[in-house]
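Take a look at the structure below.
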Amino acid sequence: MTTIVWFRQDLRLQDQPALLAAAAAGAVIPVYVLDDEGPGEWRIGGAQRWWLHHSLAALDASLREIGSQLILRRGPAAATLLALAEEVGADGIHAVRHYEPWWRASETALGARLCLHDGGHLRPPESITTASGGQFRMFSAFLRTLSATLPPDPPVDAPASVMAPDQWPASDRLADWKLLPVRPNWARGFDVWTPGEGGAHAALDEFADTLRNYAEGRNLPSVEGTSRLSPHLHHGEISPRQVWHALPSEGEGAASFRRELAWRDFTAGLILGLPNYARENGRAQFDRLAWRSAPADLKAWQQGRTGYPIVDAGMRQMWASGWMHNRVRMITASFLVKHLLIDWREGERWFWDTLVDADYGNNAVNWQWVAGTGIDANMFGRIMAPLSQSAKFDAADYIRRWVPELRNVPDAAIHDPEEAGCRPAAYPPKIIGHREARERALAAGRQVR
């Protein structure tokens with residue numbers, strides 16, 4: 001008996017229920033299908049493609065250590081898998097369940113041949129429902145219900161070996177997919193990452209050293225206080241169950257991070273109930289909001305040239321490394337939506353292309369939360385003040401690292417060098433004043449009440 005294991009955003013051997021089930025049944029053909037057609041506008045972004053190349057190489061190496069290998073195919077996922085199943089005479093296809101709308105469409109198209117397994121979340125999102133059986137739309141209520149089911153099941157070990165088929169099918173060469181940038185190579189700064197299952201567990205081990213101060217440190221951009229696990233979790237190189245059980249049972253830091261894992265489950269459940277949440281305002285009245293069409297302002301934001309040091313530092317960090325500090329993500333997103341009055345979907349798309357951890361559910365829910373357009377969201381009238389946020393969260397060293405034009409500006413002035421009268425000539429003036437931007441955003445918001 002031969003079965004296929006369809007890898008997607010679950011690129012690991014440990015706590016991989018689809019692989020375990022297939023290995024118990026007989027010969028296994030592990031497959032990754034690069035599908036740029038099914039997702040449409042949500043095809044894997046540039047930064048994720050860099051990560052994917054290295055993660056697939058690591059997964060193939062790990063499979064070879066246990067007697068197997070990774071087959072690469074490209075095309076519409078369902079059609080490609082069905083064709084491969086016919087080619088090799090596979091009896092079935094095993095996969096971990098996913099919740100993005102294009103993956104659900106592919107799963108439906110595969111029909112009875114597909115056997116789905118839960119393993120990408122603390123609990124299957126469809127099992128955490130309201131009293132009426134629907135998906136939660138408020139995180140606080142979701143968290144209470146989820147918490148009653150926790151801890152999650154313990155993770156399971158990787159199979160010691162995997163039976164190979166009598167003959168391996170043809171595979172694409174990873175290099176031929178051209179996932180890595182060449183001219184120009186904008187990913188030179190991505191060497192701070194180690195994609196793959198080994199890198200994920202190394203990141204988890206490092207996080208243990210900072211976990212005690214995570215509740216506070218996660219808000220300080222100049223401090224290495226976050227887990228940096230997000231891209232590993234997004235690509236499934238480590239499971240949420242593994243992370244949960246690796247954390248100490250008590251402590252404010254562990255509790256705070258477990259809440260972040262729960263948020264990830266919440267966003268998966270939300271897109272399960274509202275699959276178009278990345279395209280449509282959660283609150284219909286915001287369909288009437290008069291967003292500005294301002295290509296020059298959008299470009300200045302994308303390039304980190306707004307004249308607001310904390311915003312520019314975040315945008316440059318993301319471009320250079322494929323990642324941005326969590327607190328600064330909120331500040332930069334609020335700046336685009338409120339200060340520049342540019343549609344949140346423009347920012348969402350930019351993050352999708354430039355973040356190594358860009359996740360359909362997380363990205364959409366977080367943008368709509370900041371924008372105030374979402375179901376469980378901030379009020380539109382709540383406008384982050386980037387200058388005071390920068391000072392409050394002690395971002396001076398962070399700014400100096402990512403905005404070198406300001407490296408010689410003293411702490412007292414670095415959050416707003418223009419106001420302090422020491423803005424270097426190489427650094428742009430503010431694209432708009434804070435008070436002016438705030439009044440304009442509030443006026444726009446009043447029109448959709």
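Under 5 Å between amide H atoms, partner at least 5 residues away or on a different chain: which partners does His117 have, H built in plane at 1.01 Å?
When sequence neighbours closer than 5 places are left aside, the close amide H contacts are Ala95, Val96, Arg97.
Can you give me the long-range amide H partners of Gly372? Hydrogens built in the peptide plane at 1.01 Å from N, cutoff under 5 Å, separation of 5 or more residues or another chain.
Residues meeting the amide H criterion: Asn378.
Using a cut-off of 15 Å between beta-carbons, work out the net charge of the residues near Thr2 (Lys and Arg +1, Asp and Glu -1, Thr2 not included).
-3
Can you tell me the FRET efficiency between Glu126 and Arg401 if r is taken as the Cβ-Cβ distance and R0 is 35 Å, rounded to the nearest 0.05?
The value I calculate is 0.25.
In terms of modelled amide H atoms, which long-range or inter-chain residues lie less than 5 Å from the amide H of Tyr308?
Ile431
Kirkwood hydrodynamic radius of the chain from all distinct Cα pairs, in Å?
Result for the chain, one decimal place: 23.2 Å.
Per the Debye formula with a single identical scatterer at each Cα and no solvent contribution, what log10 I(q)/I(0) holds for the stretch 313-357 at q = 0.14, 0.29 Å⁻¹?
-0.28, -1.11
Please report the Cα spread of the stretch 233-328 along all three principal axes, rounded to whole Å, starting with the longest.
The Cα atoms of the stretch 233-328 stretch 49, 34, 25 Å along their principal axes.
Report the convex hull volume per residue for the stretch 100-251, counting only C-alpha atoms, in Å³.
Working: hull volume 32.6 nm³, N = 152.
Hull volume over Cα atoms, normalised by residue count, gives 215 Å³.
Once the Cα gyration tensor of the stretch 177-228 is found, what semi-axes does its equivalent ellipsoid get, as square roots of 5 times the eigenvalues, in whole Å, sorted largest first?
They are 28, 15, 7 Å, listed from largest to smallest.
Rounded to whole Å and sorted largest first, list the principal axis extents of the Cα atoms in the stretch 284-446.
47, 35, 28
In whole angstrom, and with the biggest value first, how far do the Cα coordinates of the stretch 1-119 range along each principal axis?
38, 31, 26
For the chain, modelled as a GNM with alpha-carbon contacts under 10 angstrom, which of Arg97, Arg438, Arg292 fluctuates the most?
Of Arg97, Arg438, Arg292, the Gaussian network model singles out Arg292 as fluctuating most.
State, in angstrom, two size descriptors of the stretch 291-372 derived from its alpha carbons: Rg to one decimal place and Dmax to the nearest whole number.
11.2, 31
Only bridges with both residues in the chain count here: give the DSSP antiparallel percent, nearest 5.
Numbers: 1 of 19 bridges.
Antiparallel bridges: around 5 percent, rounded to the nearest 5.
Checking the cross-link filter: which aspartates and glutamates have an alpha carbon closer than 15 Å to that of Lys430, excluding same-chain neighbours under 8 positions apart?
Correct list for Lys430: Asp297, Asp312, Glu405, Asp416, Glu418, Glu419.
The stretch 161-308: percent of C-alpha pairs farther apart than 20 Å?
Values: 7666 of 10878 pairs.
The calculated P(r) of the stretch 161-308 puts 70 percent of pairs beyond 20 Å.
So what's the convex hull volume per residue for the Cα atoms of the stretch 145-198, in Å³?
Cα convex hull per residue, to the nearest whole number: 233 Å³.
Take Ala426 and Gln167, extend 7 Å from each Cα along the Cα→Cβ direction, and tell me the distance between the two endpoints in nm.
Those two pseudo-labels are separated by 6.3 nm.
For the stretch 351-449, compute Rg over Rh where Rg is the Cα radius of gyration and Rh is the Kirkwood radius from the inverse mean 1/r over Cα pairs.
Over the Cα atoms of the stretch 351-449, Rg/Rh equals 1.04.
Report, in order of residue number, the helices in the chain meeting two criteria: a C-alpha extent of 27 Å or more along the helix axis, and a mean Kyte-Doolittle hydropathy of at least 0.0; treat each whole DSSP H run as one helix.
What comes out of the filter, once short or polar helices are dropped, is 252-273.
Suppose every K and R has +1 on its Cβ and every D and E has -1 on its Cβ; what is the size of the dipole of the chain about the Cα centre, in Debye to the nearest 20?
It comes to approximately 1620 debye.
The numbers here are math on the coordinates, done by the rules we state, and not lab data. Everything numeric in this text was worked out from a predicted model, so none of it was measured. Quick reminder, even Gly has a Cβ in these numbers, built from the backbone with ideal geometry, and neighbours come from all protein chains shown.
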